[in-house]
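Pasting in a structure now, in structure tokens, and then I'll have a few things to ask.
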Amino acid sequence: MPYLHPAVLEFEKMVADRESYRKQLEEWVRYSWRWAVRDRYKAVFRVQASALRAIREFLDSKGFVEVLSPIVGPVTDPGIRGAKQATIDFYGAEYKVMSSAILYKQYMAASLGKIYFVSPNIRLEPNDSVYTGRHLVEFYQVDIEMYKASYMDAMDVAEDLITHVVKYIRDVHGRELESMGRQLREFQRPFKRYQHREAIEFVNKLGCRNPPKEELMWECEKVMSAHHDSPFFVYDYPRGARGFYDREDPERRGVLRDFDMLYPEGFGEAVSGAEREYEPERLVARIRESGEDPAKYQWFLQMAKELYPLQTAGFGIGVERLTRYLCGLRAVWEARPYPKVAGIVGGP
């Protein structure tokens with residue numbers, strides 16, 4: 001039987017009246033110090049800190065090295081669906097504020113083998129993203145990258161990591177979670193894996209019509225998520241659905257060697273990852289195909305030539321989305337002190 005967590009259902013009720021919801025959210029954002037001192041949110045922030053500690057402990061134990069992430073640079077991830085990039089004047093040049101450090105973690109993986117960032121990101125999300133419960137303008141991500149690894153290797157690490165973090169939080173914060181009405185389920189492993197076309201068939205049978213050549217829509221993700229007790233993977237997205245840096249399978253043209261992991265209970269996307277395109281001429285073609293100018297990516301293309309073959313794979317985990325799932329929160333703006341959401345200004 002499908003199961004949506006009560007917090008997900010509560011959020012749906014909130015956004016049913018958009019005008020009332022927006023007024024509530026404006027107050028939430030502008031006066032965040034009022035709710036941040038409540039016992040419930042003190043517990044949320046303690047769980048969040050413990051989750052980051054568990055992530056670091058796991059990755060460190062597996063030989064990963066934590067590396068400082070960039071904040072600004074000549075380019076950032078262009079493959080952010082629906083969102084815009086923030087720019088600054090950097091001594092007369094236009095630099096981007098990181099929306100994702102994906103291009104930068106590749107060359108640190110070439111240097112150290114297995115690396116991770118705990119990185120801040122800025123994405124100027126469209127105004128209607130406030131009604132998803134899943135998007136923040138300012139958020140943190142744990143970015144992981146491995147040299148000479150496949151996307152299947154990355155999926156294995158993601159499964160082990162998420163399982164470790166959830167067990168750690170259950171063991172350390174079980175009582176606090178109970179006080180919030182949250183009970184984390186024990187995962188069934190291995191996690192199920194659906195090719196993208198199989199996922200499209202799955203949601204279509206449930207009445208959520210998703211275009212066959214596009215990523216899963218947020219509503220369809222929620223529907224599919226509600227039909228699982230443990231996280232699961234969707235992989236092999238069609239070319240054009242993701243950024244230029246996700247590698248196209250050389251044996252299956254039009255298919256990308258990438259994946260998402262989704263949480264159960266209707267919480268949606270947990271992890272997104274891929275193998276990286278590394279053939280310099282393919283990179284140029286894919287950049288142009290995405291509507292970008294290869295000249296903007298000069299340093300990245302030069303690096304790809306000098307470090308050829310720069311074969312890496314990795315993934316990112318949104319910290320606030322992880323916190324939302326662990327604590328059973330209505331939306332990611334409950335998982336972030338001083339939250340920034342699209343179109344709402346005036347808060348801390």
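Given the criterion touching a Phe, Trp or Tyr at 6+ places or on another chain (Cβ under 8 Å), of a type outside the set (Phe, Trp, Tyr), under 13 Å from residue 142 (Cα atoms) and open to solvent by less than 20 Å² (accessible area, probe 1.4 Å), identify the matching residue among 109, 54. Before the answer, list the steps.
Numbers: 109 fails: under 13 Å from residue 142 (Cα atoms).
Just a single option satisfies the conditions, and that option is 54.
Tell me, yes or no, whether segment 138-157 has at least one residue that is without any contact (Cβ under 8 Å) to a residue 60 or more places away in the chain and buried (at least 23 other Cβ atoms within 10 Å of the Cβ). Talk me through it step by step, then tell me what you get.
Taking segment 138-157 as the starting set, the residues that turn out to be without any contact (Cβ under 8 Å) to a residue 60 or more places away in the chain are 152, 156.
From what's left, buried (at least 23 other Cβ atoms within 10 Å of the Cβ): none.
The answer is no; no qualifying residue exists.
On to the next question. Among the candidates 236, 258, 171, single out the residue that is of a type in the set (Asp, Glu), open to solvent by 10 Å² or more (accessible area, probe 1.4 Å), under 22 Å from residue 319 (Cβ atoms) and at pLDDT 95 or above. Walk me through how you get there before you give the answer.
Working: 236 fails: under 22 Å from residue 319 (Cβ atoms); 258 fails: open to solvent by 10 Å² or more (accessible area, probe 1.4 Å).
So the residue among 236, 258, 171 that is of a type in the set (Asp, Glu), open to solvent by 10 Å² or more (accessible area, probe 1.4 Å), under 22 Å from residue 319 (Cβ atoms) and at pLDDT 95 or above is 171.
Among the residues of segment 191-221, how many are in a loop (DSSP other than H, G, I, E, B) and within 27 Å of residue 292 (Cα to Cα)?
Keep residues of segment 191-221 that are in a loop (DSSP other than H, G, I, E, B), which gives 191, 206-217.
Retained after the next criterion (residues that are within 27 Å of residue 292 (Cα to Cα)): 210-217.
The number of residues fulfilling the criteria is 8.
Could you list, in sequence order, the residues of segment 1-13 that are open to solvent by 30 Å² or more (accessible area, probe 1.4 Å) and assigned to a helix (DSSP H, G or I)? Quick ask: steps written out before the conclusion?
Filtering segment 1-13 for residues open to solvent by 30 Å² or more (accessible area, probe 1.4 Å) gives 1-4, 6, 9-10, 12-13.
Passing the criteria: 6, 9, 10, 12, 13.
Right, another one. Taking the criterion of being β-branched (Val, Ile, Thr) and part of a helix (DSSP H, G or I), would at least one residue in segment 31-41 satisfy it?
no
Quick check on my filter: what residues within segment 261-277 are open to solvent by less than 30 Å² (accessible area, probe 1.4 Å) and under 26 Å from residue 148 (Cβ atoms)?
Of everything in segment 261-277, those that are open to solvent by less than 30 Å² (accessible area, probe 1.4 Å) and under 26 Å from residue 148 (Cβ atoms) turn out to be 261, 270, 271, 273, 274, 275, 276, 277.
Just for segment 104-130: of the residues that are assigned to a helix (DSSP H, G or I) and of a type in the set (D, E, K, R), which one is farthest from the chain's Cα centre (by Cα)?
Restricting attention to segment 104-130, the residues satisfying the condition of being assigned to a helix (DSSP H, G or I) are 104-112, 127-130.
If we keep only those that are of a type in the set (D, E, K, R) as well, we get 105, 128.
On the way: 105: 15, 128: 19 Å.
Of everything passing the filter in segment 104-130, 128 is farthest from the chain's Cα centre (by Cα).
Any idea which of 224, 152 is in a helix (DSSP H, G or I) and over 30 Å from residue 294 (Cβ atoms)?
224
Does residue 97 count as closer than 25 Å to residue 166 by Cβ and surrounded by 16 or more Cβ atoms within 10 Å (Cβ to Cβ)? Spell out how you get there, then give the answer.
Working: closer than 25 Å to residue 166 by Cβ: no; surrounded by 16 or more Cβ atoms within 10 Å (Cβ to Cβ): yes.
Spelling it out, it is not the case that residue 97 is closer than 25 Å to residue 166 by Cβ and surrounded by 16 or more Cβ atoms within 10 Å (Cβ to Cβ).
Also: Hey, can you tell me all the residues within segment 57-76 that are part of a loop (DSSP other than H, G, I, E, B), open to solvent by 10 Å² or more (accessible area, probe 1.4 Å) and not small (Gly, Ala, Ser)?
Once the filter is applied, which keeps residues that are part of a loop (DSSP other than H, G, I, E, B), open to solvent by 10 Å² or more (accessible area, probe 1.4 Å) and not small (Gly, Ala, Ser), segment 57-76 yields 62, 64, 67, 68, 70, 71, 74.
Answer yes if at least one residue in segment 20-28 is without any contact (Cβ under 8 Å) to a residue 60 or more places away in the chain, in contact with a Ser or Thr (Cβ under 8 Å, 6 or more places away or on another chain) and of a type in the set (D, E, K, R), and no otherwise.
Here is the first cut: in segment 20-28, the ones without any contact (Cβ under 8 Å) to a residue 60 or more places away in the chain are 20, 23-24, 27.
Subset that is in contact with a Ser or Thr (Cβ under 8 Å, 6 or more places away or on another chain): none.
No: segment 20-28 contains no residue that is without any contact (Cβ under 8 Å) to a residue 60 or more places away in the chain, in contact with a Ser or Thr (Cβ under 8 Å, 6 or more places away or on another chain) and of a type in the set (D, E, K, R).
Next question, about the same structure. Scanning segment 114-137 for residues that are among the basic types (Lys, Arg) and surrounded by fewer than 23 Cβ atoms within 10 Å (Cβ to Cβ), which turns out nearest to residue 182 (Cα to Cα)? Steps first, please.
As a first pass, look at segment 114-137 and keep what is among the basic types (Lys, Arg): 114, 123, 134.
Pick out the ones that are also surrounded by fewer than 23 Cβ atoms within 10 Å (Cβ to Cβ) and you get 114, 134.
On the way: 114: 34, 134: 19 Å.
Per the stated criteria, the residue is 134.
The values are calculated or read from the model by the stated rules, or taken from the named source; none is laboratory data. Every value quoted in this text rests on a predicted model; they were computed, and no experiment measured them. We place every Cβ from the backbone using ideal geometry, glycine too, and count neighbours over all the protein chains shown. SASA here: full protein model, heavy atoms, side chains in, ligands and nucleic acids out. Shrake-Rupley method; radii C 1.70, N 1.55, O 1.52, S 1.80 Å.
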